[in-house]
Amino acid sequence: RSVSDSGFAEILEFALGTDGRGADRLTVQTGAMRHLSPKNDLSFDESGNPVSSDYLFMDGTEIFNFTLEMVPELVKETLDQNQVKQDDVNLFVFHQANKYMLNFLRKKIRIPEERFYYFLDKVGNTVSSTIPIAITAAIREGSIRAADRVLIAGFGVGYSWAGNILQFSEK
């Protein structure tokens, strides 16, 4: 049976963490009155893209490396804290950052493709709302059903991460 409007998900034990060493990996260096932008700050990188301390900077390689290191540990810790085996999880819903990263993580953690939820291609990376949007879509399309266990894993720059297991039920 699918989860109805009256159904709910119980949150079991969760795992979370932060590591401020990643604060400069995704940032805007200037802004507001505290960090005024220097005049004539605009330059161009080797690809011809404009660069300024007013523009968003992302160190994609470092963020990707952090994700590949931390997310498998997060999944293991979340499973351990809930005393659940990976095979007992019906669906894995991760932050929908980008498809390459999601595929890489899925393979590294050895999650079968049919138990790993992708929704990125329908809405893109909606930042902190990717997991709630993906769960809502999974319920609507029947990928999450009553009595399912769903492991969710969120991760982002800064660095921060959190995971838990949702136990779905009809009532």
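Tally up the residues in region 39-54 that are surrounded by 11 or more Cβ atoms within 10 Å (Cβ to Cβ) and either more than 29 Å from the chain's Cα centre (by Cα) or not in a strand (DSSP E or B) (or both), please. Walk me through how you get there before you give the answer.
Here is the first cut: in region 39-54, the ones surrounded by 11 or more Cβ atoms within 10 Å (Cβ to Cβ) are 41-42, 51-54.
Next, only the ones that are either more than 29 Å from the chain's Cα centre (by Cα) or not in a strand (DSSP E or B) (or both) stay: 41-42, 52-54.
Number of matching residues: 5.
Within the span defined as region 135-153, one or more residues are among the aliphatic types (A, V, I, L, M) and free of Cβ contacts under 8 Å to residues at least 40 places away in the same chain.
Residue count for region 112-133 satisfying the condition of being farther than 16 Å from residue 164 by Cα and β-branched (Val, Ile, Thr): 4. When region 112-148 is filtered for residues that are of a type outside the set (Phe, Trp, Tyr), crowded, with 19+ Cβ neighbours inside 10 Å and closer than 24 Å to residue 82 by Cβ, the ones remaining, listed by number, are 130, 131, 134, 135, 138, 139, 143, 144, 148. Go through region 131-170 and give me each residue that's under 30 Å from residue 62 (Cα atoms) and of a type in the set (Val, Ile, Thr). Correct list: 131, 133, 135, 150, 152, 157, 165.
Looking at region 121-159, which of the residues that are part of a helix (DSSP H, G or I) and hydroxyl-bearing (Ser, Thr, Tyr) is modelled with the lowest pLDDT? Before the answer, list the steps.
Taking region 121-159 and keeping what is part of a helix (DSSP H, G or I), we get 121-123, 127-140.
Filter once more, so that each one left must be hydroxyl-bearing (Ser, Thr, Tyr): 128-130, 136.
Values: 128: 86, 129: 90, 130: 92, 136: 94.
Checking each candidate, the answer is 128.
For residue 162, the test of being of a type in the set (A, V, I, L, M, F, W, C) and either exposed (fewer than 15 other Cβ atoms within 10 Å of the Cβ) or part of a loop (DSSP other than H, G, I, E, B) (or both) is failed.
Here's the yes/no breakdown for (1) closer than 25 Å to residue 123 by Cβ; (2) surrounded by 15 or more Cβ atoms within 10 Å (Cβ to Cβ); (3) hydrophobic (A, V, I, L, M, F, W, C):
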site: 25; (1), (2), (3): yes, yes, no
site: 28; (1), (2), (3): yes, no, yes
site: 34; (1), (2), (3): no, no, no
site: 56; (1), (2), (3): yes, no, yes
site: 65; (1), (2), (3): no, no, no
site: 71; (1), (2), (3): yes, yes, yes
site: 74; (1), (2), (3): yes, yes, yes
site: 84; (1), (2), (3): no, yes, yes
site: 96; (1), (2), (3): yes, yes, no
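Residue pairs whose Cβ atoms lie under 9 Å apart, sitting 6 or more positions apart in sequence or on different chains, and linking a residue in region 29-44 that is under 15 Å from residue 57 (Cα atoms) to a partner that is of a type in the set (Asp, Glu) and part of a loop (DSSP other than H, G, I, E, B), are 29/54; 30/41; 30/54; 31/54; 37/54; 41/54; 42/54.
Return a yes/no flag: does region 49-61 have any residue that is closer than 18 Å to residue 131 by Cβ, without any contact (Cβ under 8 Å) to a residue 60 or more places away in the chain and touching a helix residue (DSSP H, G or I) at 6+ places or on another chain (Cβ under 8 Å). Reasoning before the result, please.
At the first step, the residues of region 49-61 found to be closer than 18 Å to residue 131 by Cβ are none.
The answer is no; no qualifying residue exists.
The values are calculated or read from the model by the stated rules, or taken from the named source; none is laboratory data. Model, not experiment: these values are computed from the prediction. In this analysis, Cβ positions are derived from the backbone assuming ideal geometry, glycine residues included, and neighbour counts consider all displayed protein chains.
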